[in-house]
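Please read the structure below before turning to the comments.
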Amino acid sequence: MATPLPKAYDFKATEQELYQWWNDQGYFGPSNDPKKPNFDPGKKPFVISIPPPNVTGELHLGHALFVSMEDLMIRYMRMKGTPALWVPGSDHAGIATQLKVEKSLLKEGTSREAIGRKEFLQRTWAWKEKYGGMIQLQIRRLGASCDWTRERFTLDERLSKAVREAFVRLYEKGLIYRGPRMINWSPGLRTAVSDLEVEYSDEMGTLYYFKYVFADEPEAFIPVATTRPETILGDTAVCVHPDDDRYKKYIGRKVVVPILGREIPVIADEYVTREFGTGALKITPAHDPNDYALAHKHNLEFISMLDESAHVNENGGPYQGMDRFACRKKLWEDMQEKGLVIKEEPYKMTVPRSQRGGELIEPMISTQWFIKIKPLADAALEAVRDGRIKIVPDRFTKVYYNWLENIQDWCISRQLWWGHRIPVWYCDDCGKMTVQRDDPQECMHCHGKNIHQDPDVLDTWFSSGLWPFSTLGWPEKTPDLQYFYPTSVMETGYDILFFWVARMIMFGLEFTGQVPFHTVYLHGLVRDEHGQKMSKSKGVAIDPLDLMNEFSTDALRFTMLVGSTPGNDTNVSAKKVEANRNFTNKVWNAGRFVIGALEQAPAAPESAHEWTLADSWIWARLQQLVRDVERLFASYQFGEAGRQIYEFFWSEFADWYIEIAKLQLSEKGDRAYYTAQTLVQVLDACLRMLHPYTPYVTEALWGHLKEAAKEHPANFKPFNRQGAWEDALIIAHWPEPQEEERWEKDTVDQFGIIQEIVRAIRNSRAEKQITPGKRISATFIAGEKEEFIRSQLPVIAALAYLDMDTIMIQKSMTEKPEGQTALVISGIEIYLPLSELVDLDAEKARLEKELSTIEGEIKRLENLLASPFGQKAPVAVVEKERQKLEGYKETAQKIKQQVK
RNA sequence: GGGCGGUUAGCUCAGUUGGUUAGAGCGUUGCGUUGACAUCGCAAAGGCCGUAGGUUCGAGUCCUAUACCGCCCACCA
């Protein structure tokens with residue numbers, strides 16, 4: 001006989017060992033080894049590509065959420081017998097990683113410029129080797145059953161090849177172009193960023209009013225307002241509304257740019273809002289997106305007045321070399337001196353800030369690489385519209401449409417060093433571009449040798465967009481790509497729907513002609529227990545590692561999974577994790593009980609099955625649970641499914657069945673045998689269904705259960721069709737739902753009466769302060785339920801702690817017990833001698849109160865049945881209410897008798 | 001300016017084909033520890049399901065309006 005299991009589940013000792021074992025056994029990925037249990041070339045596989053975390057990232061609760069969720073799906077599908085592949089990997093995260101390395105360089109007193117590109121890249125790779133991988137270890141800690149033999153990194157040689165292929169194909173197709181455009185410039189990072197990387201924040205600023213004086217009439221002027229006076233240096237027109245009576249007479253005249261003295265025209269366009277500001281708009285084509293568009297329309301000159309670090313350039317005259325904000329101040333002072341200023345007032349405005357670091361973004365004209373996105377976007381829209389891709393929850397579909405329908409060309413070049421370098425070479429001889437898959441030795445046009453590669457790298461999201469297929473080997477037609485692509489579910493946060501999901505869909509369709517996945521499951525953001533955003537600076541960040549150390553990985557996973565609903569943000573607190581740790585402990589201890597019970601069970605039954613009501617009841621409830629879980633999983637309601645398993649396990653299996661099982665086991669013989677069998681199978685079924693939520697405790701316990709069951713001479717069978725125990729829970733069969741049968745509901749109803757009786761008696765005992773250990777007598781007047789009560793009496797007595805020897809059961813009784821507490825449950829009268837001297841008045845008052853409640857219900861139901869409800873509602877619904885009414889009537893009658 | 005989400009017990013949240021006494025965890029109160037579990041058990045208190053209309057025999061659930069909180073998108077100087 002095995003050594004007894006410890007009272008508390010020791011997760012620390014178990015987790016690491018089990019993870020290693022699963023991995024060593026090859027359970028994680030479908031391998032090409034047919035001996036491996038989870039490989040079946042005949043079946044369509046279930047595949048998830050991991051949202052690759054930043055290679056130098058650290059684990060936070062967001063990771064805990066997505067890892068738990070994806071691992072749940074993978075483990076579920078694997079248990080269902082579907083070859084399940086979860087491809088792990090990490091992202092080089094261009095800007096984020098480069099900034100980290102630059103920071104460390106700064107500490108050393110140097111900079112990337114100082115050490116040069118080559119050295120810098122070496123340093124970054126070294127950094128990656130040192131700190132990358134940390135995150136992967138932490139993801140393993142969460143129990144992620146990824147196939148680590150297929151781990152990928154976006155800067156891997158193979159993935160880099162995919163990036164080149166993608167770029168060149170788009171270029172050859174004319175979907176990638178290079179040119180000067182208005183882009184968002186981050187002066188601190190000195191790189192262009194995409195529209196998505198700009199965040200707008202409402203801030204208080206100043207609206208400056210000043211005079212644009214006429215070239216030929218210095219005393220007269222047009223008043224103009226701006227929030228960015230320094231851009232005056234780049235103005236090339238003043239624009240008014242064509243129908244504005246104040247200004248239309250000025251259209252076509254020239255005004256003078258303050259300080260610089262350039263003459264610029266007054267033009268007219270309906271774009272201008274007459275009511276806003278002064279009704280006259282200064283036009284700075286090179287530093288404002290609107291002005292940029294307007295300038296194209298009116299053929300205006302474009303004057304850039306800022307350099308890469310947002311200092312004034314040579315076009316700024318006397319201000320050349322000044323920082324943008326210093327220039328703003330100085331220019332305004334100079335204008336004040338010259339009497340060109342009207343006023344300034346506080347003004348609430350929306351300013352663009354960098355998603356990284358938060359510095360002010362400057363709109364600038366810059367030569368960059370772009371993807372002509374419209375054709376890709378149209379295809380991506382179609383894929384969702386025609387249902388090839390489904391977004392869960394559905395409401396995000398609209399958000400997706402809206403974004404893609406209004407999408408602008410994607411600026412993909414970044415002036416960074418860490419990333420995939422743009423595969424374009426410029427010829428110093430003929431000036432033409434060479435764009436190709438392999439590094440060229442010469443210009444493809446003039447064959448000149450003087451070529452140099454474009455210094456820029458690609459937006460990180462360009463390589464991320466290829467992730468679902470680049471990780472499987474694309475552009476090669478690898479066996480993996482052919483078998484596993486398209487993937488199944490893309491599970492990620494709604495915050496990167498545009499950044500990542502939409503781009504994977506666009507690229508997937510463009511390069512593979514297929515949708516990269518059929519379902520997008522979006523989870524929400526993780527917040528603290530009061531709904532605040534987690535941030536380290538505010539000190540409210542909860543470290544998942546701490547939670548795992550204190551409460552176990554299972555507890556954390558269960559919290560993430562059960563506490564979240566698709567697309568909604570979720571609040572996490574240590575308290576919740578603690579509560580779920582208690583649940584895993586409950587599972588462990590219930591398991592200890594079951595194992596102990598089966599070890600002591602008789603070897604084999606002498607007679608055929610004879611199920612007790614409790615046996616049938618727990619079976620019925622289990623069947624219902626299996627069906628519900630199946631239905632919930634099919635609609636991605638993993639949280640609700642987990643909650644139901646939790647409730648079943650604790651409130652029904654542990655609280656009721658196990659308690660009754662103790663009684664049944666004490667009867668020895670066949671009854672004990674069948675009880676043990678039921679215990680084993682119900683526990684086994686629960687462990688199977690809980691495994692995707694809490695893999696460690698379930699696998700550990702299941703191993704002990706299996707061992708005990710197999711060692712026992714009776715060889716207790718598991719809850720599966722095969723009748724044999726699998727090698728491990730992680731690859732065990734998922735419980736299959738059976739058709740609902742009539743007896744289930746009847747059994748649940750019948751047992752419900754027992755539960756009600758037990759609760760009522762316990763309740764009365766508690767009210768009367770009867771020590772829980774004191775057995776009391778009882779009298780049941782059960783009418784036609786006499787036999788039923790008689791058969792269930794041991795159960796009732798055990799659970800309500802009644803004294804079997806003195807209990808009386810009667811069909812009816814002419815002389816009711818006097819001076820006792822009286823209860824009526826489902827037409828059964830129960831009398832309890834709860835104290836020597838019952839306060840008759842108080843008892844009467846209690847009964848009368850109960851009676852009035854019930855009479856209220858009777859009245860409500862009578863009214864209900866008399867209302868149109870009786871005719872219009874479905875028969876079953878009406879019948880249900882009618883029966884309820886009958887029950888109440890019966891009960892009321894009995895109580896009335898008691899009151900007398 | 002457009003769109004979305006939230007509003008349910010003291011706190012944090014479930015509640016997906018509308019079915020008639022609305023659930024959980026934590027917290028609170030009372031009782032209880034010699035064998036599954038104090039990381040526990042038994043019991044109790046606690047809810048005009050934001051507000052106002054509407055549809056329906058029936059609404060926490062569907063529709064309309066509205067308030068507050070939050071988020072996303074958008075070029076008003």
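Observations
- For A:Tyr483, A:Tyr400, the ranking by accessible surface with the largest value first comes to A:Tyr483, A:Tyr400, using a 1.4 Å probe.
- Inter-label distance for A:Gln408 and A:Lys811, nm, one decimal - labels placed 7 Å from Cα along Cα-to-Cβ: 8.8 nm
- Of the residues A:Tyr319, A:Tyr801, ranked by 1.4 Å probe accessible area with the largest first, the sequence reads A:Tyr801, A:Tyr319.
- Cut-off 18 Å (backbone N to label point 7 Å along Cα→Cβ of A:Ala603), residues of the stretch A:701-738: A:708-717
- Between A:Glu786 and A:Lys398, the modelled labels are 6.5 nm apart [label points 7 Å from Cα along Cα→Cβ].
- Cα gyration tensor shape for the stretch A:198-285, rounded if a/c is under 1.5, else prolate or oblate: oblate
- Each peptide in A:65-74, A:754-763, A:437-446 receives the mean, over its residues, of other Cβ atoms within 10 Å, and ordering these scores from highest gives A:65-74, A:754-763, A:437-446.
- Candidates per GluC sites (Glu not before Pro) in the stretch A:519-583, loop by DSSP, up to 14 other Cβ within 10 Å: A:Glu529
- Here the extension length gained between A:Cys446 and A:Glu667 equals 69.9 nm, from 0.36 nm per residue of separation less the Cα-Cα distance.
- Ignoring aspartates and glutamates fewer than eight residues from A:Lys859 along the same chain, the ones with Cα atoms less than 19 angstrom from its Cα are A:Glu848, A:Glu850, A:Glu879, A:Glu881, A:Glu886, A:Glu890.
- For A:Phe638, the accessible surface of its heavy atoms amounts to roughly 10 Å² (probe 1.4 Å, protein chains only, rounded to the nearest 10).
- Of A:Lys7/A:Lys80; A:Lys282/A:Lys329; A:Lys80/A:Lys710, those spanning more than 26 Å from alpha-carbon to alpha-carbon: A:Lys7/A:Lys80
- Pairwise FRET efficiency - A:Val198 versus A:Glu739, Cβ, R0 = 35 Å, nearest 0.05: 0.05
- Cα long-axis angle, helix A:695-711 against chain A (0 to 90 degrees, to the nearest 10): 30 degrees
- All lysines inside 29 Å of A:Lys107 as judged from Cα atoms, apart from same-chain residues fewer than 8 positions distant: A:Lys118, A:Lys128, A:Lys130, A:Lys536, A:Lys538
- Computed with a 1.4 Å probe over protein heavy atoms only, the accessible area of A:Ser812 comes to about 80 Å².
- For chain A, the fraction of alpha-carbon pairs in successive 20 Å shells from zero, as %: 12, 32, 28, 18, 10, 1
- Which of A:Tyr401, A:Tyr76 is most accessible, then next, and so on - probe 1.4 Å: A:Tyr401, A:Tyr76
- Given A:Lys745/A:Lys896; A:Lys816/A:Lys880; A:Lys390/A:Lys533; A:Lys849/A:Lys894; A:Lys173/A:Lys449; A:Lys211/A:Lys338, the pairs whose alpha carbons are separated by over 20 Å: A:Lys745/A:Lys896; A:Lys816/A:Lys880; A:Lys390/A:Lys533; A:Lys173/A:Lys449
- For chain A, the longest principal axis of the C-alpha atoms and the axis of helix A:61-79 are separated by about 60°.
- Taking chain A as a whole, the Cys residues whose C-beta sits 4.7 Å or farther from every other Cys C-beta are A:Cys146, A:Cys239, A:Cys327, A:Cys411, A:Cys686.
- A:Gln368 long-range amide H proximity, modeled H, under 5 Å: A:Gly179, A:Arg181
- Cα gyration tensor shape for the stretch A:91-180, rounded if a/c is under 1.5, else prolate or oblate: oblate
- Computed from the C-beta positions of A:Cys430 and A:Arg246 and an R0 of 41 Å, the FRET efficiency is 0.15 to the nearest 0.05.
- Spin-label pair A:Ala873-A:Leu840: with each label point 7 Å from Cα along the Cα-Cβ axis, the two points sit 4.2 nm from one another.
- Acute angle (nearest 10 degrees) that the helix A:553-562 long axis makes with the longest principal axis of chain A, alpha-carbon atoms: 80 degrees
- For A:Arg385 and A:Gln25, the difference between the fully extended length at 0.36 nm per residue and the C-alpha to C-alpha distance is 125.3 nm.
- To put it simply, the accessible area of the stretch A:653-707 at a 1.4 Å probe is 46 percent carbon and sulfur.
- Antiparallel content of DSSP bridges confined to chain A, in %, to 5: 70 percent
- Overall, the anisotropy analysis places the stretch A:136-232 in the oblate class: the square-rooted eigenvalues a ≥ b ≥ c of its C-alpha gyration tensor yield a/c not less than 1.5, with a/b not exceeding b/c.
- Taking 0.36 nm per residue of sequence separation and removing the Cα-Cα distance, the A:Phe593/A:Lys43 pair yields an extension gain of 194.1 nm.
- In this calculation the C-beta distance from A:Asn763 to A:Lys533 is compared with R0 = 51 Å, giving a FRET efficiency of 0.70.
- Solvent exposure of the stretch A:151-204 amounts to 46 Å² per residue of accessible area, where only protein heavy atoms count and the probe is 1.4 Å.
The values are calculated or read from the model by the stated rules, or taken from the named source; none is laboratory data. Keep in mind that what you see is a predicted model, and the values were worked out from it rather than measured. Reconstructed Cβ throughout: ideal geometry from the backbone, glycine too, with neighbour counts over all protein chains shown. Note: areas computed on protein heavy atoms with side chains; ligands, DNA, RNA excluded. Shrake-Rupley method; radii C 1.70, N 1.55, O 1.52, S 1.80 Å.
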